[in-house]
1. Filter the stretch 78-120 for residues that are open to solvent by less than 60 Å² (accessible area, probe 1.4 Å), among the small types (Gly, Ala, Ser) and not in a loop (DSSP other than H, G, I, E, B); which is modelled with the lowest pLDDT?
2. Taking the stretch 121-132 only, how many residues are open to solvent by 10 Å² or more (accessible area, probe 1.4 Å) and within 13 Å of the chain's Cα centre (by Cα)?
3. Quick one: what pairs do we get from the stretch 62-89, first residue under 16 Å from Asn121 (Cβ atoms), second in a helix (DSSP H, G or I), C-beta under 8 Å, 6+ apart or different chains?
4. Testing Arg31 on (1) basic (Lys, Arg); (2) in contact (Cβ under 8 Å) with a residue 40 or more places away in the chain; (3) under 14 Å from Thr120 (Cα atoms); (4) loosely packed, with under 12 Cβ neighbours inside 10 Å, one condition comes back false. Which one is that?
5. Regarding Leu123, is this residue in a strand (DSSP E or B) and not small (Gly, Ala, Ser)?
6. Looking only at the stretch 45-60, which residues are surrounded by 22 or more Cβ atoms within 10 Å (Cβ to Cβ) and outside any loop (DSSP other than H, G, I, E, B)?
7. Take the stretch 1-23 and flag every residue that is in contact with a Leu (Cβ under 6 Å, 6 or more places away or on another chain) and open to solvent by less than 50 Å² (accessible area, probe 1.4 Å).
Amino acid sequence: MTRWKELTEAQWRERLTAEQYHICRCRGTERPGSGRYLLHHEEGTYTCACCGAPLFHSIWKYDSGSGWPSFWETIDGALEYHADTSHGMQRVEIVCAVCSCHLGHVFEDGPAPTHKRYCTNSLSLNFLGTGP
């Protein structure tokens, strides 16, 4: 069993593309509107691109107009939350609870019933479809 939080940065660099490493391990972000999952509408589960842990179900995905894939709910226990004061802002960073992969941020401007917007980078996600 892989002990994800114990991998070295060199090991992460071997496992991820340069772009994924920048997003997932260095807390980078994709350009708005550029992610492969922004307009993705298949049924299934979005998982962590680093470790494969399930994060979001497709039924919770919605078009927030932000330019990044957005969800209004997350799988219980899938995420950890950290204060992020970078870039002169106060935000809440979301990371994978299994491997600490940076996913994006959560905001309080989402739809009911949670009023949350889990704003994620496509490069930090993979997708497991449930279709035929």
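1. Of everything passing the filter in the stretch 78-120, Ser86 is modelled with the lowest pLDDT.
2. 3
3. Taking only residues 6 or more apart or on different chains, the pairs are Trp68/Ser122; Pro69/Ser122; Phe71/Trp60; Thr74/Trp60.
4. Only one criterion is unmet by Arg31, namely (2).
5. no
6. Those that are surrounded by 22 or more Cβ atoms within 10 Å (Cβ to Cβ) and outside any loop (DSSP other than H, G, I, E, B): Tyr46, Cys48, Leu55, Phe56.
7. If the condition is that a residue be in contact with a Leu (Cβ under 6 Å, 6 or more places away or on another chain) and open to solvent by less than 50 Å² (accessible area, probe 1.4 Å), then Gln20, Ile23 are the ones that fit.
The values are calculated or read from the model by the stated rules, or taken from the named source; none is laboratory data. Values in this document were obtained by computation on a predicted structure and should not be read as measured data. No Cβ is skipped: glycine too gets one built from the backbone with ideal geometry, and neighbour counts run over all protein chains shown. These area figures cover heavy atoms from the full protein model, side chains too; ligands, DNA and RNA do not enter into them. Shrake-Rupley method; radii C 1.70, N 1.55, O 1.52, S 1.80 Å.
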